[in-house]
1. How compact is the chain by the rule of thumb for globular proteins, expressed as Cα Rg over 2.2 N^0.38 Å?
2. Mind checking the angle between helix 32-41 and the chain's longest principal axis? C-alpha axes, 0 to 90 degrees, to the nearest 10.
3. Compute the angle between helix 12-21 and the longest alpha-carbon principal axis of the chain, please, reported from 0 to 90 degrees and rounded to the nearest 10.
4. Quick one: which residues, 5+ away or cross-chain, put their amide H under 5 Å from the amide H of residue 75? H built at 1.01 Å from N.
5. What is the dipole size for the chain, taken about its Cα centre, with +1 at each Lys and Arg Cβ and -1 at each Asp and Glu Cβ, in debye to the nearest 20?
6. Using only the C-alpha atoms of region 1-146, find the volume of their convex hull and express it per residue in Å³.
7. Taking the dipole about the Cα centre of the chain, with the C-beta of Lys and Arg at +1 and of Asp and Glu at -1, give me whichever of 95, 70, 155 is farthest to the positive side.
8. Computing the accessible area with a 1.4 Å probe over protein heavy atoms, can you report the carbon and sulfur percentage for the chain?
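The values are calculated or read from the model by the stated rules, or taken from the named source; none is laboratory data. Since we're looking at a predicted model, the values are computed, not measured. Here Cβ is always computed from backbone atoms with ideal geometry, including for glycine, and neighbour counts include all displayed protein chains. For accessibility, only protein heavy atoms count, side chains too; no ligands or nucleic acids. Shrake-Rupley method; radii C 1.70, N 1.55, O 1.52, S 1.80 Å.
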Amino acid sequence: MILYYLGPKGTFSYQAAMKYQSEAELIPCQSLYDVVDQVNQNTTSQAIVPIENAIEGTINLIADELIENQLHVISEVYLDVAFDVVGLTESMNNISSVVSIAPIISQTKHFITEHQLNVKHADSSLDSLNYIDGETVAIIPHQSTTDFSVVKSHVEDYPFNQTRFLVLSHQKSIHPTNQVLLLLTPQVDKPGLLANILNVFNLYNINLSWIESRPTKQQFGYYHFLIQCRIDITSQDYKQVLKIFDAMQISVRTIGAF
């Protein structure tokens, strides 16, 4: 099986891919756009993409790709997130700049501010290694294998940080499921719309684990809602929920069951 991920080897996406399916043929891509594009072109493949970080929140690019593409979510992977600073020496003496990707920079602000470092951006966390010099260090995933010295470990702003990844496929999951990812698109806008949507789940005692709104990109005030909840899609409750949303003029697409 081919599994696409945001490369190169050693990134958090690579670690998540190994955790999900270490025996797959792992193929790195240069951007998240490329990851989705590749799995769209190869309908027998799968892709693993980050959707949410415990500190930074939702990765909007992937949320939009879920809405715009007819792909199925078949699994999810949680990965602990920690960061190391690496450089030419084991000291921060004479260091004036740091390089990494934007999400890592955002999650290590305390360290960067403490050392008053200028920030540079790279295409990937491990691509940042190419910019290291006598005055520049890089921040990369914890315990990544490099030839550089570890200046400081665990520079993340908050402990117990995690990133959640989704596995995308053109085929639906064939395994028993209890997590469902739904795309709700209201056809009309009216007061209390979101409250009414949430009340439907509350009526059937359905626990929500994630909710995200994204603009439809057609008109101000109109949104898609991505909602992940714990329910069996073969249950009568699930069928009733779909009927209620239909009556409320809200279209529903089941993006994933896993």
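1. Taking N as the residue count of the chain, the ratio is 1.14.
2. With rounding to tens, the tilt is 50 degrees.
3. Value to nearest ten degrees: 60.
4. 167
5. 920
6. Measuring per residue, one finds 108 Å³ for the Cα hull of region 1-146.
7. Ranked along the dipole, the leading option is 70.
8. Accessible surface attributable to carbon and sulfur in the chain totals 48 percent.
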